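Here is the structure we will look at, set down as structure tokens.
The values are calculated or read from the model by the stated rules, or taken from the named source; none is laboratory data. The structure displayed is predicted, hence computed values, not measured ones. Don't worry about glycine lacking a Cβ; one is built from the backbone with ideal geometry, like all the others, and counts go over all protein chains shown. Protein only, heavy atoms only, side chains kept; ligands, DNA and RNA dropped before computing areas. Shrake-Rupley method; radii C 1.70, N 1.55, O 1.52, S 1.80 Å.
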Amino acid sequence: LAANATLFGGMMGFSVERSSGSNDPRLLYPLLAVGAGVGLGASLLIADEWDVGTGDAWFLSSGGLWPTVAAHLIYEGRFGDASGHAGPEGDRWAFGLVGGTLGLTFSTLSLALGDMETGGAVLAHSGGAFGLAIGGMTEWFVRGDTRTTPFAGMGYGAALGCLAAASAATTRVRLAPM
């Protein structure tokens, strides 16, 4: 939990700096340190206050990772350089910031229903990875062109795959790792 929260907090600090349009290292390094510090501090408070198991920590990690990746890929496929009408560079990081925050919020709310087993966390991560691959192949199939990278399809697939797998892990399926 501590490592993932520290990395996610540092990425959030980086995203805030990049989405502001700044490129100043005098602002970047303090934001990275503050973001990582807040992530580490919050994870230590959470672990001390509630009984956070390994499955819970990895499930929260999937809630932060896959929506962030999906938001970056969707931005690149729809609004970035790959789409042909590139927007400001800061928008990419704002998309990732919003995606990661929403994903972490939803995974936190779903953990309010009960504890997550390690198998459910594996299912959530696997759903994001599987959705990324299926979404990319689907975009290739629809476009009929395998020479361009299917950023948007991979993003939509990762978001939907993680959401579907996390929903199944939270509400319907109880898995134990082998």
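Would you please give the FRET efficiency between ARG147 and SER20, computed as 1/(1 + (r/R0)^6) with r the Cβ-Cβ distance and R0 = 45 Å, to the nearest 0.05?
0.80
To the nearest 0.05, what FRET efficiency results for VAL98 and ASP51 with a Förster distance of 45 Å applied to their C-beta separation?
My answer for the efficiency is 0.90.
On the accessible surface of the chain, probed at 1.4 Å, how many percent belong to carbon and sulfur atoms?
69
Provide SER22, SER107, SER167 ordered by accessible surface of protein heavy atoms (probe 1.4 Å), highest first. Don't jump to the answer; show the numbers that get you there.
On the way: SER22 30, SER107 5, SER167 55 Å².
Accessible-area ranking of SER22, SER107, SER167, largest first: SER167, SER22, SER107.
Gap in Å between the Cα centre of the stretch 1-58 and the Cα centre of the stretch 109-145?
Centre-to-centre distance over Cα atoms comes out at 23 Å.
Given the DSSP H assignment, sum -39500 (n - 2.57) over each helix run of at least 4 residues in the chain and divide by its residue total; what's the result at 222 nm in deg cm²/dmol, nearest 500?
It comes out at -26500 deg cm²/dmol, rounded to the nearest 500.
Pick out, from GLY131, SER22, GLY55, the residue whose Cα sits farthest towards the positive end of the charge dipole of the stretch 1-155, with +1 on the Cβ of Lys and Arg and -1 on the Cβ of Asp and Glu.
SER22
If you put +1 on each Lys and Arg Cβ and -1 on each Asp and Glu Cβ, how big is the dipole of the chain around its Cα centre, in Debye rounded to 20?
Around 400 debye, computed over the chain.
All other residues with a Cβ under 13 Å from the Cβ of LEU32 taken together, and with Lys, Arg as +1 and Asp, Glu as -1, what is their net charge?
It works out to a net charge of 0.
Can you list which of the DSSP-assigned H helices in the chain have a Cα extent of 27 Å or more along the long axis and an average Kyte-Doolittle score of at least 0.5?
Values: long enough: 25-49 (35 Å, 1.13); 54-78 (36 Å, 0.17); 89-111 (34 Å, 0.54); 118-143 (38 Å, 0.70).
Membrane-span-like by this rule: 25-49, 89-111, 118-143.
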